[in-house]
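Right, I'll just put the structure down here and ask away after.
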Amino acid sequence: MRHGDKVKNLSRTKAHRDALLSNLACQLIEHKRIVTTLAKAKALRVYVEPLITKGKTNSTHQRRVVFSYLQDKAAITELFGTVAEKVAGRPGGYTRIIKLGTRPGDNAETAMIELVDFNEIYGKGKGEAKAAAKKTRRAGGSKKKAEATEEVKAEK
């Protein structure tokens with residue numbers, strides 16, 4: 001029984017699992033989206049989101065902590081540079097998992113995991129346009145009408 005065991009083992013030893021997640025995290029940070037199995041994507045999300053949160057604080061200590069997980073200087077530079085800028089205002093939920101169906105060779109469920117702020121399709125491009133076009137339905141409009149009618153009466 002595995003009561004209380006929250007670690008997704010992925011049928012690997014601890015060292016193998018750490019190496020796998022480290023490599024997947026480096027590739028995700030570098031390419032902004034990767035395709036892998038659903039189980040690996042779910043395990044990667046738990047692994048990489050705290051690292052992205054640490055990346056928002058650009059200090060020597062946080063860089064060393066993240067480097068102890070990733071062991072890749074290029075990924076660290078990318079994480080503390082462009083990724084940290086994009087996710088600065090986001091309080092979590094930096095990744096999105098999209099199921100892609102099964103793989104023909106072994107029928108494994110595949111999924112795409114991506115960094116949310118780097119997707120232009122679902123990104124802020126549409127959100128900003130909607131926010132600008134949004135109108136409120138408050139009583140403030142009646143005040144403007146009343147002022148306009150008073151101005152018209154004052155002109156006559």
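Beyond 21 Å between alpha-carbons counts as too far, so tell me which of LYS54/LYS99; LYS14/LYS56; LYS8/LYS86; LYS14/LYS86; LYS32/LYS73 fall in that bin.
Those over the limit are LYS54/LYS99; LYS14/LYS56; LYS8/LYS86; LYS14/LYS86.
Could you give the nm distance between label points at LYS99 and THR77, where each point is 7 Å from its Cα heading toward the beta carbon?
Taking the simple label geometry, LYS99 and THR77 are separated by 4.0 nm.
Counting other C-beta atoms within 10 Å, and keeping those with at most 16, which DSSP coil chymotrypsin sites (Phe, Trp or Tyr not before Pro) do you find in the range 30-122?
TYR122
How much net charge surrounds ILE34 when only the other residues with a Cβ under 10 Å from the Cβ of ILE34 are counted, with Lys and Arg +1 and Asp and Glu -1?
+1
Radius of gyration and Dmax for the range 45-123's Cα atoms, expressed in Å?
Rg and Dmax of the range 45-123, Cα atoms, are 14.6, 45 Å.
What order do you get for LEU79, LEU38, LEU44, LEU115 when you list them from fewest to most C-beta neighbours inside 10 Å?
Ordered by Cβ neighbours within 10 Å, fewest first: LEU38, LEU115, LEU44, LEU79.
If you don't mind, another one. On a full-extension model of 0.36 nm per residue, what is the gain between VAL7 and ASP106, subtracting their alpha-carbon distance, rounded to one decimal in nm?
Stretched out fully, the VAL7 to ASP106 stretch lengthens by 33.2 nm.
Read the figures in this text as sums done on the coordinates, not as results from a lab. Since the structure is predicted, the reported quantities are computational estimates derived from the model, not experimental observations. Positions of Cβ are backbone-derived with ideal geometry, glycine not excepted, and every protein chain shown enters the neighbour counts.
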